[in-house]
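Step one of this worksheet: look at the structure below.
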Amino acid sequence: MIPHTEYLPKAVLLDLLPAAFEPWGSSGWYPSRPPTAESIARIESALRIAVPSLFIEVAAACSSYGGWFNSIGDDFESHAHILSLNAAFRAEGLPPRYVLLNHGHDGDCDAWDIEAAPIGGELPIVYFNYDVDRHLLRGLKISATTFAEYTDAFVRANAPRCPVKRLRRHAKRVLAEYGGESVV
């Protein structure tokens, strides 16, 4: 997915999250609470996945993470919670082997494939377009082998396009030191 030989250091990744999430997180449409030990345990049990530790750190570090990712906090009643969105898509025929990690409201989905062999210790993340009316998956492909790869590409692609000038400039300066933007 990303042509870089190294991922951004975690501290840099976390620093650039506000710029990466700004287009989606500032609207308030997808409020999400930070993860708790209880919320992670409930999610892992219900969806039969191990939530990557980096996802937990991202959600804890950036309050606007819910603009792109499903909530993994204790806001279980939220329409943007990972349990709610996965239940809604499964009710519309999405096979339970796919666990959505982002909203998929436009039909474009990123999900963990829980029936695939782990790559690098994690379940691969797949992309597909889901046609709810036909219960049809289109364009299924692996988009990242780990959550770190997925998040690195997301930050490289979105932070330098942030509409907030101060955040955008900071992101461009920082990313220039680490090989620039991803080609996604």
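The values are calculated or read from the model by the stated rules, or taken from the named source; none is laboratory data. Given the structure is predicted, the values throughout are model-derived calculations rather than measurements. We place every Cβ from the backbone using ideal geometry, glycine too, and count neighbours over all the protein chains shown.
A count restricted to region 66-112 and to residues that are closer than 12 Å to V126 by Cα, among the charged types (D, E, K, R) and out of contact with any Leu (no Cβ under 6 Å at 6 or more places or on another chain) stands at 2.
Of the helices (runs of 4 or more DSSP H) lying entirely inside region 3-97, the ones with 1 or more residues being among the acidic types (D, E) and either in contact with a helix residue (DSSP H, G or I) (Cβ under 8 Å, 6 or more places away or on another chain) or more than 28 Å from G107 (Cβ to Cβ) (or both) are found at 10-25, 37-47, 53-61.
When region 115-141 is limited to residues that are of a type in the set (A, V, I, L, M, F, W, C) and more than 18 Å from the chain's Cα centre (by Cα), the one that is surrounded by the most Cβ atoms within 10 Å (Cβ to Cβ) turns out to be L137. Once region 1-34 is narrowed to residues that are under 14 Å from the mean Cα position of the chain (by Cα) and small (G, A, S), the residue that is modelled with the highest pLDDT is A20.
With respect to P18, is the statement that it is surrounded by 18 or more Cβ atoms within 10 Å (Cβ to Cβ) and in contact (Cβ under 8 Å) with a residue 60 or more places away in the chain true?
Here the answer is yes, as P18 does meet what is asked.
Here is a check on your reading of the model: is A157 within 21 Å of N70 (Cβ to Cβ), surrounded by 14 or more Cβ atoms within 10 Å (Cβ to Cβ) and of a type outside the set (S, T, N, Q)? Yes: the conditions hold for A157. Against the numbered list (1) within 23 Å of L17 (Cα to Cα); (2) crowded, with 20+ Cβ neighbours inside 10 Å; (3) not charged (D, E, K, R), S63 comes up short only at (2). Here's a check for you: in region 47-60, which residue that is within 26 Å of R90 (Cβ to Cβ) and of a type in the set (A, V, I, L, M) is surrounded by the fewest Cβ atoms within 10 Å (Cβ to Cβ)? Among those that are within 26 Å of R90 (Cβ to Cβ) and of a type in the set (A, V, I, L, M), it is A50.
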